[in-house]
Amino acid sequence: MTKDKIIVPRGIRYIGEWKDFCFSNFLSKCIINKQLPGCGFTEYCINGPENVILCSPRKMLLKNKYDQHKNDIYLVINEMDKDPDVDKDISKDIKNPNLDEDYQEKKDNSEIYERLYREIDTYTYQRYLNNQPAKILVTYDSYRIVKDILEKIRIFDRFVTVVDEFQSILHDARFKSNTELSFLTYLAQSPTAYFVSATPMMDEYLEMLDEFRDLPYYELDWGKEDPSRIIRPDLKVLTMKSVGTKAEEIIQKYLNNDFEEIVVMRNGVPTKIISSEAVLYVNSVNHITSIIKKCNLQSEEVNILCSDTPDNQKRIQRKLGKKFVIGEVPLKGVKPKMFTFCTRTVYLGADFYSTCARSFIFSDSNIDS
């Protein structure tokens, strides 16, 4: 696999600021390693001049983008497309749902399909009349439906297909392999497919897979023209006896207003930041509920971001009470709660706009996943 470096010009912080950037600069099917998270690639997909189908592995990530751009994009709401329970321990046996088996039978007379057809047809026509690009957000699982509808109204070839966080195809194949393979089959039938990630699969895995090994591979180089754009996080590695013990220690410090401070440069001015918010990545809903209960946290202090499944909803409310629910990522300008608990369903590209939160990532070697 050969890699082509694309040097990002000096003065560019976000892709949307790069006037010469467009998808036609790349071959129609390729891998794009954007290298830096938070570089505005997804925002370019939403605000750029092309008609785009933006595919994401998680409903929560799409909802987060939709809430920020409601007036300009169409979010595919497909009730047949269930949120995968990515928070389950993947060492356990997991049923492998295959929604494609009866899709051909359902699609022509399904109420869901007919609704999506009408809504997509109306949305794309209105965007065309207003001389505006169409932006359709869809999960990997429902891409096949969007493709089918756009083909029927004869405009599919006008769209660019962008597969965001494409490494999830490999990760999620553990518990829904048929669906992921079908997604790749439909992408092979598309005139374009841009596989995008700041953390793509390792090269040796890509070389093993027929679907990826021969694709052109582009790396965005942010450092050559301006190394100051690459800011490494101040990472402190700690050991712990258990997730619960270390999390309780951190939470108690915040509850006691024992906040850490740091001085950072903002707009060229040294600025003191006091961390009064914490984002805790804990890859177990059971751990999260135990920590919240042990620390006696109240619902107004906690935002729980995990797979929106009936099992998780029941687990949270059974242990914590009805006031506790699966939350949403706060939008820009909305004050986050003091504690945000995240499972792996949300770390793939959600936009957190907190100006003072510290992130705590817990790795429990006792969990096989």
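Summary of computed values
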read-out: Among (1) surrounded by 19 or more Cβ atoms within 10 Å (Cβ to Cβ); (2) assigned to a loop (DSSP other than H, G, I, E, B); (3) among the hydrophobic types (A, V, I, L, M, F, W, C), the one test that Ile288 misses; value: (2)
read-out: Restricting segment 16-31 to residues that are open to solvent by 20 Å² or more (accessible area, probe 1.4 Å), under 25 Å from Pro191 (Cβ atoms) and part of a helix (DSSP H, G or I), the residue that is modelled with the highest pLDDT; value: Gly16
read-out: Leu220 among the hydrophobic types (A, V, I, L, M, F, W, C) and in contact (Cβ under 8 Å) with a residue 40 or more places away in the chain; value: yes
read-out: Pairs with Cβ under 7 Å, 6+ apart, first in segment 121-148 and among the aliphatic types (A, V, I, L, M), second modelled with pLDDT of 95 or more and open to solvent by 30 Å² or more (accessible area, probe 1.4 Å); value: Ala134/Asn51; Ala134/Tyr123
read-out: Any hit, segment 103-118, residues being modelled with pLDDT under 75, open to solvent by less than 80 Å² (accessible area, probe 1.4 Å), out of contact with any His (no Cβ under 6 Å at 6 or more places or on another chain) and farther than 21 Å from Glu151 by Cα; value: no
read-out: Hits in segment 111-135 (condition: within 12 Å of Ile73 (Cα to Cα) and not in a helix (DSSP H, G or I)); value: Gln132, Pro133, Ala134, Lys135
read-out: Segment 32-60 - residue that is open to solvent by less than 10 Å² (accessible area, probe 1.4 Å) and more than 28 Å from Cys342 (Cα to Cα) and, of those, modelled with the highest pLDDT; value: Val52
read-out: Long-range neighbours under 7 Å by Cβ, at least six apart or interchain, first residue closer than 30 Å to Ile6 by Cα within segment 224-248, second open to solvent by 100 Å² or more (accessible area, probe 1.4 Å) and not hydrophobic (A, V, I, L, M, F, W, C); value: Glu225/Arg10; Asp226/Arg10
read-out: One residue from Ser228, Ser242, Ser275 being of a type in the set (S, T, N, Q) and over 27 Å from the mean Cα position of the chain (by Cα); value: Ser242
read-out: Residue selected from segment 311-347 under the condition basic (Lys, Arg) and in a helix (DSSP H, G or I), by the criterion least open to solvent (accessible area, probe 1.4 Å); value: Arg315
read-out: Yes/no for Leu305 being in contact (Cβ under 8 Å) with a residue 60 or more places away in the chain and surrounded by 15 or more Cβ atoms within 10 Å (Cβ to Cβ); value: yes
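The values are calculated or read from the model by the stated rules, or taken from the named source; none is laboratory data. Everything numeric in this text was worked out from a predicted model, so none of it was measured. No Cβ is skipped: glycine too gets one built from the backbone with ideal geometry, and neighbour counts run over all protein chains shown. Keep in mind that these areas ignore ligands, DNA and RNA; they rest on the heavy atoms of the full protein, side chains included. Shrake-Rupley method; radii C 1.70, N 1.55, O 1.52, S 1.80 Å.
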